[in-house]
Amino acid sequence: MAKLTEEQQYIRMTETPVSKLVTSLAIPTVAGMLVSSVYNITDTFFVSQLGTSASAAVGVVFSIQSLIQAVGFSIAMGSGSMVSRRLGQKDSESASKFVSSAFAMAFVFGTLLGVFGLLFLEPMLGLIGSTDTMMPYSVAYARYILAVAPIFAASFVLNVAMKSQGNATLSMLGMAAGNVLNMILDPVFIFGLKMGTAGAALATAISQCVSFVALLWCFLKKQDTLRIRWKLISRDVHDYLTIVRVGSPTLCRQGCGSIASALLNNRAMLFGDAAVAAMSIANRVYNVVRSILVGIGQGFQPVAGFNYGAKRPDRVKAAFRFTVTLGSAVAVLFTALLALSAPQLMALFRRDDPEVIRMGSQALRMLCVVLPLLGYSTYVNQMLQCLGRSGQATFLASCRQGTIYVPLIVVLPAILGLTGIQLTQPIADGLTFLVSIPFHIWFFRSPKGLKQCEKG
């Protein structure tokens with residue numbers, strides 16, 4: 001697509017039918033997230049060929065990856081929300097300041113996480129569920145992941161900044177470049193060079209660096225409206241607090257996800273490496289579908305933020321209704337596919353381990369029961385976040401894998417054993433759906449919600 005002037009972009013975001021606009025932004029976003037999810041699945045697939053303990057180890061380290069992602073993505077979404085609204089107000093200078101500041105902030109925090117993780121690697125891995133048999137695999141994998149933590153975190157800022165100004169295609173291409181490379185390098189490093197789990201991690205690290213360079217190049221060479229410049233990095237603490245405040249729902253959501261993953265592994269390890277591997281694989285497969293739903297929501301967010309800033313609440317409402325309808329239809333389709341093919345999907349990873357297949361299939365089918373509800377609660381959360389309702393969004397974000405999930409993962413396994421572990425996430429997803437309904441109604445009907453936009 002040809003470059004648009006700032007005025008042309010404004011007209012596009014405020015006049016194009018919302019169904020067409022959300023879809024056009026969601027398709028490349030979903031494609032990018034699918035590529036990302038597929039390369040995670042690819043990592044899991046190739047490593048699983050090394051044995052059950054190696055497969056389980058990757059699942060354990062995933063909680064560390066989730067934490068790095070939580071920090072980077074929360075900063076990205078905090079700045080992205082402000083960027084969309086500032087562009088809706090035709091204030092590109094302020095938007096560029098938020099992007100530049102968020103980029104520097106993500107790189108610094110990513111560096112701190114990487115250094116801390118490498119210094120306390122083995123104790124940390126033991127705490128989040130790595131058994132003695134898993135530990136050598138976990139250490140080998142985690143070292144490379146932590147080494148590229150600052151690049152991983154900063155990439156999210158570049159990614160979201162492109163989406164926030166309505167240019168999701170460049171974002172997708174930048175991510176895809178590294179992710180495709182990862183899928184190519186995995187078998188080369190793991191089996192060709194006989195590096196095992198370390199090879200999988202090295203492939204991931206290289207792919208993240210390539211994605212970062214590709215995104216940065218696209219951003220510096222192809223973007224007209226937004227810029228990253230040293231001189232634009234804010235010296236005002238208030239700007240960073242704003243990014244943290246607006247991004248706090250994402251930090252809460254992603255951070256809770258990391259904690260939930262660690263707790264899941266910690267509980268599952270009581271039932272052996274096979275249980276850890278089964279739950280890890282089932283959740284990875286489930287998250288592929290979830291990434292599609294989240295990607296659809298990320299196509300909605302810049303539309304909502306832009307039009308909220310432009311004082312067009314009618315378009316915000318229309319975009320939300322369309323997004324929920326589309327996401328729900330996609331979720332129902334995948335529910336049927338996953339429920340019918342659960343054993344076959346699990347067998348792709350651990351064909352020679354019937355216990356992993358049995359436990360993983362049960363977990364995946366339980367997750368499918370609530371999958372059609374997942375889109376709605378996700379979109380309510382994303383809407384509240386991008387329109388500046390950080391408190392409500394943070395609370396909702398904490399439900400799915402925090403305030404609701406944590407008590408369940410502590411109590412249910414003690415009562416129901418492995419079945420309790422398998423039921424925890426489905427029950428948490430169902431309850432989060434119910435909790436989201438009053439927040440949706442309040443925001444659309446309250447004078448302090450969307451009606452505030454109508455007043456100008």
Unique match (being within 23 Å of the chain's Cα centre (by Cα), assigned to a helix (DSSP H, G or I), over 13 Å from Val289 (Cα atoms) and at pLDDT 95 or above) among Met366, Met383: Met366
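One line per residue, one yes/no per condition, for (1) touching a helix residue (DSSP H, G or I) at 6+ places or on another chain (Cβ under 6 Å); (2) crowded, with 21+ Cβ neighbours inside 10 Å:
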residue: Leu373; (1), (2): yes, no
residue: Tyr379; (1), (2): yes, yes
residue: Gly391; (1), (2): no, no
residue: Thr394; (1), (2): yes, yes
residue: Arg400; (1), (2): yes, yes
residue: Val406; (1), (2): no, no
Failed condition for Leu50, given (1) touching a Phe, Trp or Tyr at 6+ places or on another chain (Cβ under 6 Å); (2) not in a helix (DSSP H, G or I): (1)
Residue in the range 249-267 that is more than 22 Å from Ser74 (Cβ to Cβ), in a helix (DSSP H, G or I), aliphatic (A, V, I, L, M) and touching a residue at least 40 places away in the same chain (Cβ under 8 Å) present: no
Contacts under 6 angstrom Cβ, first residue in the range 418-436 being in a helix (DSSP H, G or I), partner charged (D, E, K, R), 6 or more apart: Ile421/Arg267; Ala428/Arg400; Thr432/Arg400
Residue within the range 34-41 that is at pLDDT 80 or above, surrounded by 21 or more Cβ atoms within 10 Å (Cβ to Cβ), assigned to a helix (DSSP H, G or I) and hydroxyl-bearing (Ser, Thr, Tyr) present: no
Subset of the range 26-44 (residues that are within 14 Å of Asn159 (Cβ to Cβ) and over 14 Å from the mean Cα position of the chain (by Cα)): Pro28
Inter-residue pairs, beta-carbon under 9 Å, first at pLDDT below 85 and in the range 387-403, second aromatic (Phe, Trp, Tyr), 6+ apart: Leu387/Tyr308; Leu387/Phe443; Gly388/Tyr308; Arg389/Phe439; Arg389/Phe443
Boolean, Ser66 is under 18 Å from Gly255 (Cα atoms), at pLDDT below 85 and polar (S, T, N, Q): yes
Those residues of the range 285-315 which are over 23 Å from Arg253 (Cα atoms), assigned to a helix (DSSP H, G or I) and touching a Cys at 6+ places or on another chain (Cβ under 7 Å), in sequence order: Tyr308, Pro313
Test for Lys97: is it modelled with pLDDT of 80 or more and over 19 Å from the mean Cα position of the chain (by Cα): yes
In the range 349-363, residue farthest from Thr419 (Cα to Cα) [restricted to those that are under 24 Å from the mean Cα position of the chain (by Cα) and among the hydrophobic types (A, V, I, L, M, F, W, C)]: Phe349
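The values are calculated or read from the model by the stated rules, or taken from the named source; none is laboratory data. This is a predicted model, so every value here is computed, not measured. A quick note on method: Cβ atoms are made from the backbone with ideal geometry, for glycine too, and the neighbour counts reach across all protein chains shown.
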